[in-house]
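Chemist: Next up is a structure, given as structure tokens.
The values are calculated or read from the model by the stated rules, or taken from the named source; none is laboratory data. Computed from a predicted structure; not experimentally measured. Virtual Cβ from ideal backbone geometry, glycine too; neighbours counted across all protein chains shown. For the accessible areas, the whole protein counts, side chains as well, though only heavy atoms, and no ligand, DNA or RNA atoms are used. Shrake-Rupley method; radii C 1.70, N 1.55, O 1.52, S 1.80 Å.
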Amino acid sequence: MKKNILYIVLSVALLASIGINIYQAFFDDESYLQNTEEIYIMESGILYNNLEFSDGEEIELTYDFSNDDYTILKEKYNLEKIAENGSEFEKAMHLMNEFAPRLTHKSNYDNHIETRALSLLEYSLNKKSCGINCRAKAQILNEMCLSLGIFSRKVWLMPNSRYDNDCHVVNEVWDSTLNKWVMLDITNNEYWIDENGEPLSVLEIRTKGANQEFCTPVAIGEETKDVQTLKEKNIDDFLYIMKNMVYIEYLNNYTVGENETIYLLFPENLKTDYEYIISENSVSRPPID
């Protein structure tokens, strides 16, 4: 009888121990995999170690404002009315907010549709079964902005690990009022701000992340009075972008479609055999008319 009781007690203790381990592995907020602060420490450290860029080629990025597609795009999708008045950034935000909810996201989209706004909109707009990826969405927004005379570019945000095949593609527009580039993420319908609510560029976000200075994504329409709460709310998007900020890719010409050379803004601490490396100044300076 005593042996049976002892076996029962030991069995209960063993099951309790297994249960605790399972809980800690999958549900405990203090576990490493679920601790967002620990993940941010790791990601910001990677960025900090790769903060400085290699000396690259000084080139002039060009922007096409005269493609025949633009007239069709503006008229068919009523872009001038949607963009309304305001700064370049505000117009781009209006466009993004109109079309982002109407484009279903599909991360494994195979890019079988021509990477051209008119073709992509015909395929995917308001069609939940025809999702597209961030690269295609960014192309749509880029051509829309260019059609309205806004300096706009598509930018690839790339991770550090050679085993990580997941990257993210966003847009930057030049805002003459702010006198700077500002990042727009049409996939998440977000832009990024600092502690004072000022919109940020890709490079500003990257630098702040590396130095653990405040910045946060903000969805269109979200209140920005309490930026710390905003960051906590959007922490998943925050960590995702930080993961993909190690190096950055640009096209040398922004127009309808993707048929130009890709340039890398690449950290000096990393190695690459890729031929086309761009200077930081080439992508941070104002666009040239």
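Chemist: Is there any pair linking a residue in segment 252-274 that is more than 21 Å from LEU120 (Cα to Cα) to one that is of a type in the set (D, E, K, R) and assigned to a loop (DSSP other than H, G, I, E, B), with Cβ under 8 Å and at least six apart or on different chains, and which?
Modeler: Going by the 8 Å Cβ cut-off, the qualifying pairs are ASN252/GLU260; PRO267/GLU52; GLU268/GLU52; GLU268/ASP55; ASN269/GLU52.
Chemist: Now a separate question. Output the residues belonging to segment 138-175 that are assigned to a loop (DSSP other than H, G, I, E, B) and within 23 Å of ASN67 (Cα to Cα).
Modeler: LEU148, GLY149, ILE150, PHE151
Chemist: Between residues in segment 88-115 that are closer than 26 Å to GLU260 by Cα and aromatic (Phe, Trp, Tyr) and residues that are open to solvent by 70 Å² or more (accessible area, probe 1.4 Å) and in a helix (DSSP H, G or I), which pairs lie under 8 Å by C-beta distance while being six or more apart or on different chains?
Modeler: Within 8 Å, no pair qualifies.
Chemist: Could you say which residue among ASN259, ASN234 is out of contact with any strand residue (DSSP E or B) (no Cβ under 6 Å at 6 or more places or on another chain) and either more than 23 Å from ARG135 (Cβ to Cβ) or polar (S, T, N, Q) (or both)?
Modeler: Numbers: ASN234 fails: out of contact with any strand residue (DSSP E or B) (no Cβ under 6 Å at 6 or more places or on another chain).
Sole residue among the options that is out of contact with any strand residue (DSSP E or B) (no Cβ under 6 Å at 6 or more places or on another chain) and either more than 23 Å from ARG135 (Cβ to Cβ) or polar (S, T, N, Q) (or both): ASN259.
Chemist: Any chance segment 47-67 includes a residue that's assigned to a helix (DSSP H, G or I), more than 23 Å from LEU200 (Cβ to Cβ) and either without any contact (Cβ under 8 Å) to a residue 40 or more places away in the chain or of a type in the set (D, E, K, R) (or both)? Walk me through how you get there before you give the answer.
Modeler: From segment 47-67, those assigned to a helix (DSSP H, G or I) are 47-49; that's our starting set.
Then drop every residue that is not more than 23 Å from LEU200 (Cβ to Cβ), which leaves none.
No, that holds for no residue.
Chemist: Can you go through GLU37, GLU43 and tell me which one is in contact (Cβ under 8 Å) with a residue 40 or more places away in the chain, in a helix (DSSP H, G or I) and under 30 Å from SER161 (Cβ atoms)?
Modeler: Working: GLU37 fails: in contact (Cβ under 8 Å) with a residue 40 or more places away in the chain.
On inspection, the qualifying residue turns out to be GLU43.
Chemist: Also: Exactly one condition in (1) of a type outside the set (A, V, I, L, M); (2) closer than 22 Å to CYS145 by Cβ; (3) in a loop (DSSP other than H, G, I, E, B) is false for SER282; which is it?
Modeler: (3)
Chemist: Could you tell me how many of the residues in segment 208-245 are open to solvent by 20 Å² or more (accessible area, probe 1.4 Å), in a loop (DSSP other than H, G, I, E, B) and on the phi < 0 side of the Ramachandran plot?
Modeler: The qualifying residues number 9.
Chemist: Would you point out which residue out of SER107, SER147 is surrounded by fewer than 17 Cβ atoms within 10 Å (Cβ to Cβ), of a type outside the set (A, V, I, L, M, F, W, C) and farther than 19 Å from TYR191 by Cβ? Walk me through how you get there before you give the answer.
Modeler: Working: SER147 fails: surrounded by fewer than 17 Cβ atoms within 10 Å (Cβ to Cβ).
Only one candidate qualifies: SER107.
Chemist: Next question. Out of the residues in segment 113-137 that are within 19 Å of PHE65 (Cβ to Cβ) and not in a loop (DSSP other than H, G, I, E, B), state the one that is least open to solvent (accessible area, probe 1.4 Å).
Modeler: Only one residue tops the list, namely ALA117.
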